[in-house]
Amino acid sequence: MSYINSLLQLRCPKCRRGKMFSHKPYSFKGISSLNKSCPHCETLFQLEPWFFYGAMYVSYALGVAVAVAVYVLLVLFGFGKSVLTSFLIITGIIILISPYVYQLSKAIWASFFILYDPKKLG
Ligand SMILES: [Zn+2]
């Protein structure tokens, strides 16, 4: 599985097989259902206390990227003339994707520190 695919599917950065979260982002049973370790290779995800605070930076960057991309699309398709309309559409989209971005940002942040190890494929 490629790096991008493993991130998008919220997989363990070490083996790219095990799921990082026990629930899907939109299940609402537990958006913050991060597994303590990978169910496949048993790599611990929480490297130190407050490790995932850094994921806020990733989440912020993703939010800005989505907002800019949506705004560019709105302008290209002729809907970007009203600032209020653009703002409401961008806000709505960011709210809709926020559960997924929350988990994705943790997967991206973890992948910065937990490096891929093909030997862990087992
Ligand atoms: Zn793993």
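List of remarks:
- Hey, ILE93 of a type outside the set (Lys, Arg) and under 20 Å from the mean Cα position of the chain (by Cα) or not: yes
- Test: SER59 is closer than 30 Å to ALA110 by Cβ and more than 16 Å from the ligand (Cβ to nearest atom): yes
- Of all residues in region 36-51, those that are touching a residue at least 40 places away in the same chain (Cβ under 8 Å) and among the hydrophobic types (A, V, I, L, M, F, W, C) have Cβ atoms under 7 Å from Cβ atoms of residues that are part of a loop (DSSP other than H, G, I, E, B) and exposed (fewer than 15 other Cβ atoms within 10 Å of the Cβ), 6 or more apart or on another chain, in CYS41/GLY122; PHE45/LYS36.
- Criterion violated by ALA110 - all others in (1) within 21 Å of the chain's Cα centre (by Cα); (2) more than 28 Å from SER32 (Cα to Cα) satisfied: (2)
- Residue selected from region 14-54 under the condition touching a Leu at 6+ places or on another chain (Cβ under 7 Å) and under 11 Å from ALA107 (Cα atoms), by the criterion farthest from the ligand (Cβ to nearest atom): PHE21
- None of VAL64, VAL70, VAL101, VAL83 is touching a helix residue (DSSP H, G or I) at 6+ places or on another chain (Cβ under 9 Å), free of Cβ contacts under 8 Å to residues at least 40 places away in the same chain and not aromatic (Phe, Trp, Tyr) except VAL70.
Any read-out appearing in this document is the output of simple, stated calculations on the displayed coordinates, not a laboratory observation. On a predicted model such as this, the values are computed, not experimentally measured, just so you know. Ideal geometry is used to build each Cβ from the backbone, glycine not excepted, and the neighbour counts take in all protein chains shown.
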